[in-house]
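Please read the structure below before turning to the comments.
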Amino acid sequence: PLHFSSAQFLPRSRPDAGFGVPAGACDALVPDECLSASSNSKAAPSARLLRTGAYGGWCPSTDSEHEYLEIEVGLQEQRAVVAFSLQGRVPCTGRWAQTRELLKLARAPREGEGPGEGEAWSPPDRTFIRPPVRFVYDMAMELVQGHGCLGEGNASWNVPARFRRFGEMSQEAKAEFFEELIQRTNKAWTGDDGVTVNLSPQDIMSGRNCEETNRLLQLLACAALSASGRGLAGGLGAVAPQWTTAWKLEYYTERGGWHWFGGRDAEAALVFDGNTDAEGTRLVVLPQALRASRVRLHPVTWQRHAALRCELHLVALPGVDGAEGPRPLPPGASAHLLSNVGLALRGSGALQGELEEKREERLRLKNVLEEQAEQERGLQEQRLREALERAEELEARAVAAETALLRARAENERLGAAVEQLEAELAASSDTKAAADGHSALQQEREEFEATIEDLSQRLAVAADERDAARAHEEELFDIIGAKDEELMEAHRSYVDLTQRLQERELQDDTTELMVDELERMGGQLDELQAAHEASEQRCSELEAEVGRLTEANAALAAEREKLQHKKEKLQAKKDALQQRLEDSEKARQAARDRCQRMLDRRLTEVPMVPNRPSSRSLRDSSPAGSECEDSLPRMSHSASFSTPRLGPSPRTEDLSGRRR
């Protein structure tokens, strides 16, 4: 078996043209009546290769080897089946075409009920390509309220009253509704291998992440179909990807009836390899050409559930009897198949054409989106101007109301002061009431005062009512201004969002141009760096030679440095010895000097004081110690002259010499 990744093929491409002619299931050339199954027959037309349909593929009601998908080949031409292409099932792909089909099924009436809107309901394609927020809200409310698709246990989600009128909901209420809807949808499918919707309320309200929005509607439709009991039996009601990993083939001939391929019964039948994922396409070539009018594919092993999509590949066999089942290929047929492998290479040309068409379609869609964005921006600008005009008008009305309120307050204060004054006058006139009883003029004046007071009281009550009305009107105007400010902010946010989206697209184009320029510049820099690298290598070799020469010179200098260091150590030792001798001689000289000084001091203290100064000779004759001291001084000086320089006579010695004289 040969395996082809689904990323290599697009719908309506011919991934296996080199292995026979496809029967036409993937191109819808085979009618739905030719596709049937042992169970869940309504999903059999969805078992077309590279197609999704409403169910995303076929899955039986029970995961068993007795279940099968049957395809009617027909005998109108002398053809034989030589290969099968298989895929798994992806229940919720996020594609807008599948969203349309699932919503039609969910809106269709139940058995025994009157006609519904599912068949006649057909919104335009752009409604599903980029679902409007009102469309998502209406579909969600219909599926939740009408079909009870969400809820905990047997109780469906009872949508609160504040979420039931879209026109009266604020932006915060809409975001809260969609947040609750996404959470409940993810919770409803959490047990199915963790299938969740990666979506936020802002994505729905701004028209972003349309694929996930379509997946949300698909999950709601699947939940509605399961809740209504209209058929998603077995794995057909699951939303996780599923595929068949091994399968057997059964075929039908007009004379022999049903036979198993490769064996006499189901146990001995040949087992073919299946898919390894839900989206990959696996091509399985039969060891023999099979001439049959109908074939059945029996799942043997599967992942999650036994689900598949398939396509048959036929070759023309003019000389084959149509009633004998499998036959060896005629001479040259294998060579014909091998030569046709080259067609698969030429199929890449068709694939490129498909890619070009897809690219052109994306460009057209981009232009349409840009036009819609421009129109929406103009509409938002117009709404913004109208909102500003209404805000200015309301602000003028509020200023006029405040002015009227201030006037009413001033009139109220004036009337209050008049009432107080009248009350004071009435209190003052009460003292003279007894005297005024006999005078008719005073009685009449009092009645006039009372009438005036009553009139002023009524006017004061009217002014108070006007004040209360003005205050209520002011509060109402304040609320209206607040609501208009919120609408203005929302319009401004929408305008900013559109501007950012346009800027992002412009930035992508600019980034592409900058990347091309940067690549060219980097190519030039690479050439310059290559030349600099060669020059650096040459310079490096020169520096290596210089380093060798300097290394030899450094070794010679190191040897010379060691010799000088040895000489320095010897000289340092001699210097230390001479320094020690100098210190010893200084100590001896100082000791001799101190001893002579003490002897002289002692001799001077022993000499008697006489009136007549004797001569130096008589002194020397009479003092043997003095002569001894004088004799010792020259000797000491002579001995000290060998080690220290001669020192001059001290002042005290000169004084002693003078005394002797």
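Throughout, read-outs are computed from the coordinates displayed, never taken from laboratory work. Everything quoted here is computed from the prediction, not taken from an experiment. Methodologically, a virtual Cβ is constructed for each residue, glycine included, from the backbone with ideal geometry; neighbour enumeration extends over all protein chains shown.
Normalised by 2.2 N^0.38 Å, where N is the number of residues, the alpha-carbon radius of gyration of region 372-520 equals 2.25. In summary, the lysines within cross-link reach of residue 42, defined as a Cα separation below 19 angstrom excluding same-chain residues under 8 places away, comprise 104. Note on 122, 46, 494: ascending count of other Cβ atoms within 10 Å places them as 122, 494, 46, the fewest first.
Here's the list of aspartates and glutamates a cross-link from residue 587 could span, going by alpha-carbon distance under 19 Å and ignoring same-chain residues fewer than 8 apart: 576.
Between residue 288 and residue 66, what is the FRET efficiency for a Förster distance of 30 Å, r being their Cβ-Cβ separation, to the nearest 0.05?
In this case the efficiency is close to 0.75.
Here 150, 270, 69 are placed in order of increasing Cβ neighbour count within 10 Å, fewest first, which gives 270, 150, 69.
For residue 174, the lysines whose Cα comes closer than 19 Å to its Cα, not counting residues fewer than 8 places off in the same chain, are 484.
Please order 489, 169 by the number of other Cβ within 10 Å, starting at the fewest. Placing the least packed residue first, the sequence is 489, 169. In this simple spin-label approximation, residue 372 and residue 264 carry label points 7 Å from Cα along the Cα→Cβ vector, and these lie 6.5 nm apart.
Using a 10 Å cut-off on Cβ atoms, rank the peptides 175-186, 376-387 from the highest mean neighbour count down.
175-186, 376-387
Sorting the segments 478-485, 553-560 by their residues' average number of neighbouring beta-carbon atoms within 10 angstrom, most packed first, yields 478-485, 553-560. Across region 41-50, coupling constants 3J(HN,Hα) worked out from phi with the 6.51/-1.76/1.60 Karplus curve, θ = phi - 60°, read 5, 5, 8, 4, x, 7, 8, 9, 4, 6 Hz, and Gly and Pro carry x.
Judged by the mean number of other Cβ atoms found within 10 Å, the most tightly packed of the peptides 539-549, 497-507 leads the ranking 497-507, 539-549.
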